[in-house]
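Peer 1: Okay, handing you the structure first.
The values are calculated or read from the model by the stated rules, or taken from the named source; none is laboratory data. Being a predicted model, the structure only gives us computed values, none of them experimental. For neighbour counting, all protein chains shown are included, and Cβ atoms are generated from backbone atoms with ideal geometry for every residue, glycine included. Please note that ligands, DNA and RNA were not included when accessible areas were found on the heavy atoms of the full protein model with its side chains. Shrake-Rupley method; radii C 1.70, N 1.55, O 1.52, S 1.80 Å.
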Amino acid sequence: MSDTSADLVILGGGSGGYACAFRAAELGLSVIVVEKDKFGGTCLHRGCIPTKALLHAAEIADNVREGDQFGVKSSLEGIDINGVNSYKDGVVAQLYKGLQGLAKLNKVQLVEGTGKFVAPNVVEVGGDRYIGKNVVLASGSYAKTLPGLDIGGRIITSDQALNLDYVPERVVVLGGGVIGVEFASVWKSFGADVTIVEALPRLVPLEDEYASKQLERAFRKRGIKFKTGVRFTGATQTDDAVTVSLESGDQFEADLLLVAVGRGPNTAAMGYEEAGVNMDRGFVLTDERL
């Protein structure tokens with residue numbers, strides 16, 4: 001066991017943690033970042049960045065299909081999903097390399113391993129202790145599911161959806177928030193039949209209503225089906241398909257069910273409550289300055 005001290009110890013190297021680390025380093029503080037996975041976190045490796053790469057590939061597929069509208073003779077031969085994934089992974093790898101370079105440039109010490117907050121100024125990783133004059137909790141989020149809906153087989157979250165090596169023919173997306181509609185859009189552009197199920201009255205219900213209506217109009221035009229204001233009641237799967245049941249009595253059979261019902265706080269078993277941090281349903285309670 002060893003003790004290492006710094007002005008600032010950050011638990012979590014995602015977009016919140018690394019932005020904090022670089023700013024603190026600019027201000028002259030010594031900084032240690034503890035990250036159990038890859039520096040860059042969900043956003044870079046399993047979220048915003050790879051998703052936007054897929055959306056760009058999907059946009060190109062749509063542009064090729066619609067070339068005749070612009071006097072450009074073009075036709076889509078198909079989707080090479082291995083090529084798409086190679087492009088996506090290349091974008092992520094390039095940004096990851098740049099982020100590592102920034103950490104080195106700013107003299108930010110990266111510690112790989114699962115960190116636990118064991119005292120008001122101490123993060124422990126595999127028996128080693130990292131002591132900060134200040135500690136920032138930036139442990140991020142995880143893809144949620146619903147009670148009784150187990151992830152596995154043909155029932156997946158965005159984590160698995162980003163690494164599919166095929167384009168499904170039929171998909172049901174459970175959740176019409178930003179993650180759900182992004183994947184729905186990508187898969188439709190790649191040639192899948194897509195249905196979105198959203199319990200609230202409209203797609204992207206947390207966004208401005210005008211934007212929501214514009215999105216719904218665009219999706220109707222593209223043939224993306226959606227059911228809003230209806231609750232999910234269950235899903236059963238076989239080797240060949242997954243069947244999704246709704247409170248309305250409707251049932252949909254698909255190759256995949258994407259569960260995109262939001263993200264939850266990644267705080268379980270990290271020692272927060274034991275160290276005296278005020279919590280509410282897994283969330284760290286903060287003031288107006290976080």
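Peer 1: Could you work out how much longer the chain between S248 and K97 gets when fully extended? Use 0.36 nm per residue separation minus the Cα distance between them, nm to one decimal.
Peer 2: Values: separation 151, 0.36 × 151 = 54.36 nm, distance 4.89 nm.
Taking 0.36 nm per residue and subtracting the Cα distance, the gain is 49.5 nm.
Peer 1: Quick check: the distance between the Cα centres of the stretch 103-129 and the stretch 1-46, to the nearest angstrom?
Peer 2: 8 Å
Peer 1: Could you tell me whether the stretch 181-238 comes out rounded, prolate or oblate from its Cα gyration tensor? Rule is a ≥ b ≥ c as square roots of the eigenvalues, rounded for a/c under 1.5, then prolate if a/b exceeds b/c, otherwise oblate. Please report the intermediate quantities before stating the final value.
Peer 2: Values: a/c = 2.34, a/b = 1.15, b/c = 2.03.
Judged from the Cα gyration tensor, the stretch 181-238 comes out oblate (a/c at least 1.5, b/c at or above a/b).
Peer 1: Can you tally the net charge around D193? Count Lys and Arg as +1, Asp and Glu as -1, for every other residue whose Cβ sits under 12 Å from the Cβ of D193.
Peer 2: Numbers: positive: R170, K188, R222, K225; negative: E169, E253, D255.
Its environment carries a net charge of +1.
Peer 1: Identify the GluC sites (Glu not before Pro) of the stretch 43-127 meeting these criteria: DSSP loop state and at most 11 other C-beta atoms within 10 Å of the C-beta. Intermediate values should be presented prior to the final figure.
Peer 2: On the way: sites: E59, E66, E77, E112, E124; in loops: E66, E77.
Passing both the DSSP loop test and the Cβ count: E77.
Peer 1: Now for a different question. I need the shape label for the stretch 1-132. Rule: rounded when a/c is under 1.5, else prolate if a/b > b/c, else oblate, with a, b, c from the alpha carbon gyration tensor.
Peer 2: Details: a/c = 4.12, a/b = 2.95, b/c = 1.39.
Prolate, because a/c is 1.5 or more and a/b exceeds b/c.
Peer 1: Which distance in Å, rounded to a whole number, links the C-alpha centroids of the stretch 230-270 and the stretch 184-221?
Peer 2: 17 Å
Peer 1: Here is a further query. Decide, for the chain, between rounded, prolate and oblate: order the square roots of the alpha carbon gyration tensor eigenvalues as a ≥ b ≥ c, take rounded if a/c falls under 1.5, and otherwise choose prolate if a/b is larger than b/c, else oblate.
Peer 2: On the way: a/c = 2.30, a/b = 1.64, b/c = 1.41.
Prolate is the answer for the chain, as a/c is 1.5 or above and a/b outweighs b/c.
Peer 1: Of the heavy-atom accessible surface of the chain (probe 1.4 angstrom), what whole percent is carbon and sulfur? Before the final figure, lay out each step's value.
Peer 2: Details: 7920 of 15900 Å².
That share works out to 50 percent.
Peer 1: Further, regarding this structure: Using 19 Å as the cut-off for backbone N distance, which residues of the stretch 173-199 belong to the label zone defined by a point 7 Å from the Cα of T228 along Cα→Cβ?
Peer 2: 173-186, 194-199
Peer 1: Return one number: the angle in degrees, 0 to 90 and rounded to the nearest 10, between the long axis of the Cα atoms of helix 15-26 and the longest principal axis of the Cα atoms of the chain.
Peer 2: It is inclined by approximately 40 degrees.
Peer 1: Where does the charge balance sit around S15 when Lys and Arg score +1, Asp and Glu -1, over other residues with C-beta under 15 Å from its C-beta? Mind dumping the intermediate values first?
Peer 2: On the way: positive: R23, K38, R46, K52, R263; negative: E35, D37.
In short, +3.
Peer 1: So, one more: Quick check: residue separation of D80 and A241 times 0.36 nm, minus the Cα distance between them. What number comes out in nm? Write out the running numbers ahead of the final one.
Peer 2: Values: separation 161, 0.36 × 161 = 57.96 nm, distance 2.32 nm.
The span from D80 to A241 would gain 55.6 nm if fully extended.
Peer 1: Report the semi-axes of the equivalent ellipsoid for the stretch 67-123 in whole Å, largest first, where each axis is √(5λ) for an eigenvalue λ of the Cα gyration tensor.
Peer 2: Working: eigenvalues 407, 45, 24 Å².
Working through the eigenvalues yields semi-axes of 45, 15, 11 Å.
Peer 1: Given +1 on the Cβ of Lys and Arg, -1 on the Cβ of Asp and Glu, and no further charges, what dipole in debye does the stretch 72-172 carry about its Cα centre, rounded to the nearest 20? All intermediate terms of the calculation are to be shown ahead of the outcome.
Peer 2: Details: 11 positive and 10 negative charges, 99 e Å.
Once rounded to the nearest 20, the dipole reads 480 debye.
Peer 1: Same structure again: Restricting to the chain, what percent of DSSP beta bridges are antiparallel, rounded to 5?
Peer 2: Numbers: 23 of 54 bridges.
Taking every DSSP beta bridge with both residues in the chain, the antiparallel ones total about 45 percent.
Peer 1: Quick one: Karplus J couplings for the stretch 57-69, per residue in order, coefficients 6.51, -1.76, 1.60, θ = phi - 60°, nearest Hz, x for Gly and Pro?
Peer 2: 4, 5, 5, 5, 4, 5, 4, 5, 4, 9, x, 4, 4
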